[in-house]
Amino acid sequence: MPSIAVLLSGSGSNLQALLDAQAAGELAGEVTLVVSDRAQAYGLQRALNAGIAAAYVPLATPRGPLRRQWEQRLAGVVACFDPDLIVLAGFMRVLSAEFLDRFPNRVINQHPALLPADGGDTVTTSSGIVIPALRGAHVVADAIRLRLPVTGCTIHRVTPRVDDGPILASAEVPVLPDDTVESLHERIKAVERRLIVATVNRLLRRE
Ligand code: GRF
């Protein structure tokens, strides 16, 4: 059975979707490791509840030589489990080329907005509307601030360029007139949870 490592910084509801699929015998792999850069990340608790190895690898200073050391430690922990797939499920750190080179073609990321296949600055939706490609850590708020009629979510392979890399799956989510960041993000995450299970299965079954 192929193995999966999940890296996260937060609540881990997408991890939970993978764990639920696994428990139901509907995941083509096995989550063997969950790692977080935040001790309070509830995703760590979800892993422990499911009897899965959980590691907290703290990052004291976000820049400088200590960051490199942190990333090497992180890579060391992940390498111990030799995962076939590494899922960034709400992991709020950018990984360097050095990290990605240790796990070629094995790292995928969830992004709570639509991204273009060509790495450009706009996305054309299914109804032909052209919207800006939202990148960074605040894209759900950006979708509301820019009054976009539609946003969505994307799963892509990770390259050293932030929120870029070959797209594996995406789905649109309408922005409702009275949406708050929380309500919109919750609806996006509901879609993301289905998409991550389907995409992981597709990748591990090499479909
Ligand atoms: C998701 O919206 C994902 O796209 C983003 O972080 C969120 C993680 O949610 N990168 P959760 O922690 O899995 O609930």
For every helix of n ≥ 4 consecutive DSSP H residues, a contribution of -39,500 (n - 2.57) applies; sum these over the chain, divide by its total residues, and give [θ] at 222 nm rounded to the nearest 500 deg cm²/dmol.
-11000 deg cm²/dmol
Pairwise FRET efficiency - ASP118 versus PHE81, Cβ, R0 = 30 Å, nearest 0.05:
0.30
Could you please put PHE81, PHE99 in sequence from largest to smallest accessible area, using a 1.4 Å probe?
PHE81, PHE99
Could you compute the FRET efficiency for ALA190 and GLN69, with r as their C-beta to C-beta distance and R0 at 45 Å, rounded to 0.05?
0.75
Rg (Å, one decimal) plus Dmax (Å, integer) for the alpha carbons of the chain?
16.7, 47
What FRET efficiency would be calculated for the residue pair GLU98, ASN201, taking the C-beta separation as r and a Förster radius of 41 Å, to the nearest 0.05?
0.85
What ranking of CYS80, CYS153 comes out by heavy-atom accessible area, probe 1.4 Å, highest first?
CYS80, CYS153
Taking only protein heavy atoms and a 1.4 Å probe, what accessible area per residue, in Å², does the chain have with all protein chains in place?
49 Å²
What length, rounded to one decimal in nm, is gained on full extension from SER11 through to ASP178, with 0.36 nm per residue of separation minus their alpha-carbon distance?
57.7 nm
What are the DSSP H helices in the chain that stretch 20 Å or more along their long axis, judged by alpha-carbon atoms, and whose average Kyte-Doolittle hydropathy comes to at least 0.0?
181-204
Taking Lys and Arg as +1 and Asp and Glu as -1, residues besides TRP70 with C-beta under 14 Å from its C-beta add up to +3
Would you list HIS138, HIS156 from the most to the least accessible area, probe 1.4 Å?
HIS138, HIS156
Percent accessible area from carbon and sulfur atoms, the range 1-124, protein chains only, probe 1.4 Å
51 percent
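The values are calculated or read from the model by the stated rules, or taken from the named source; none is laboratory data. Note that the structure is a prediction, hence the values are computed from the model and not measured. Reconstructed Cβ throughout: ideal geometry from the backbone, glycine too, with neighbour counts over all protein chains shown. With ligands, DNA and RNA removed, areas are computed over all heavy atoms of the protein, side chains included. Shrake-Rupley method; radii C 1.70, N 1.55, O 1.52, S 1.80 Å.
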